[in-house]
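Encoded as structure tokens, the structure appears first; notes follow it.
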Amino acid sequence: MGIIEKTYKHVVPTAKEFFDSFCKRYSSLVLPDSWYNNKAWTETVLQIFEEIGRDFGYRLRKEYLNLDMVWAIRHEAISLITVAIEHDNGDLDDVIDDELQKLMDVKAHLKVLMCYPGMPIVLKNEVLCDEIIEKIRSANIKIPEERYVMITPVVKKKDKVYAEAIEVFGCSIAPDGKWEDLGSFAVDYEGKIS
């Protein structure tokens, strides 16, 4: 009699590993030619998240539980969402009330929110956007292992019409509101900003 044994190995990226993978992909892309072309930016960013997910060995699902994307593990012995992703070009209040709330409502190891508030969430040991941290802290049911990854690109203006670069900031936030600066990177960008 033979024995057939199943073994599954899935790598759940840390917040830093996710942000570093994002940095590598984002830095090598041809970016949309206008900062305000929301559809093009959403397609570009979601393509990056797909590629990162495949690099980590996941099959991806788009628009699952009203989230833009999830990386899930589905086997008889284990079933979970490892990474939940939201991307939004809207204003900060809408992002907090909608996209961030969706991430708070789902169980996942890593919850990624990329948005464009015009500033980083944290910068050099200072919180610049405490509304997001306070919202995360307000959750009544918390899973200690989960981490939120906030990615905030900020355009650097060349003049009134064109940009010269985009600086992308990352931070990780624990359910209790403790945060870690994941760093930033800049890419040349000469797209239209008006």
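So what's the angle, to the nearest 10 degrees on a 0 to 90 scale, between helix 38-55 and the longest Cα principal axis of the chain?
With both axes taken from Cα atoms, the answer is about 40 degrees.
Between the alpha-carbon centers of segment 27-79 and segment 144-180, tell me the distance in whole angstrom.
Here the answer is 17 Å between Cα centres.
Give, rounded to the nearest 20 debye, the magnitude of the charge dipole that segment 15-188 has about its Cα centre when Lys and Arg contribute +1 at Cβ and Asp and Glu contribute -1 at Cβ.
Values: 22 positive and 32 negative charges, 87 e Å.
So the dipole magnitude of segment 15-188 works out to roughly 420 debye.
How large is the Rg to Rh ratio of the chain when both quantities use alpha carbon positions and Rh follows Kirkwood? Spell out each step's value before the answer.
On the way: Rg = 17.5 Å, Rh = 17.5 Å.
Rg divided by Rh gives 1.00.
For Leu29, Leu182, what ranking results if the residue with the fewest other Cβ atoms within 10 Å of its Cβ goes first?
Numbers: Leu29 13, Leu182 22.
Listed from fewest to most nearby Cβ atoms, that is Leu29, Leu182.
Any lysines with Cα under 26 Å of the Lys160 Cα? List them, leaving off those in the same chain fewer than 8 positions away.
Of all the lysines, those that pass the test against Lys160 - Cα under 26 Å, at least 8 places apart if same chain - are Lys39, Lys192.
Set the Förster radius R0 to 41 Å, insert the Cβ-Cβ distance between Leu29 and Asp130 as r into 1/(1 + (r/R0)^6), and round the FRET efficiency to 0.05. Mind dumping the intermediate values first?
On the way: r = 31 Å, r/R0 = 0.76.
Efficiency at R0 = 41 Å is approximately 0.85.
May I ask for the angle, rounded to the nearest 10°, between helix 15-27 and the longest principal axis of the chain, with both axes built from Cα atoms and the value confined to 0 to 90°?
Taking Cα atoms only, the helix is inclined about 50 degrees.
Once you put a point 7 Å from the Cα of Ser79 and another 7 Å from the Cα of Phe185, both along the Cβ direction, what distance in nm separates them?
Here the modelled spin labels are 3.6 nm apart.
Counting only helical runs of four or more DSSP H residues, what would the 222 nm mean residue ellipticity of the chain come to if each run contributes -39,500 (n - 2.57) and the total is spread over all its residues?
Working: 4 runs with 43 residues, N = 194.
Value at 222 nm, helices only: -6500 deg cm²/dmol.
Mind ordering 143-149, 169-175, 47-53 by average Cβ neighbours within 10 Å, highest first? Before the final figure, lay out the partial values.
Values: 143-149: 17.1, 169-175: 22.0, 47-53: 18.9.
Going by the mean number of other Cβ atoms within 10 Å, highest first, we get 169-175, 47-53, 143-149.
Explain nothing, just compute: Karplus ³J(HN,Hα) = 6.51 cos²θ - 1.76 cosθ + 1.60, θ = phi - 60°, for every residue of segment 69-86 in order, whole Hz, x for Gly and Pro.
Once rounded to whole Hz, the list reads 7, 9, 10, 10, 10, 10, 9, 4, 8, 8, 8, 6, 9, 8, 9, 10, 10, 10.
Read the figures in this text as sums done on the coordinates, not as results from a lab. Predicted, not measured: the structure shown is a model, and the values here were computed from it. Because the Cβ atoms are built from the backbone with ideal geometry, glycine has one as well, and the counts that use them run over all protein chains shown.
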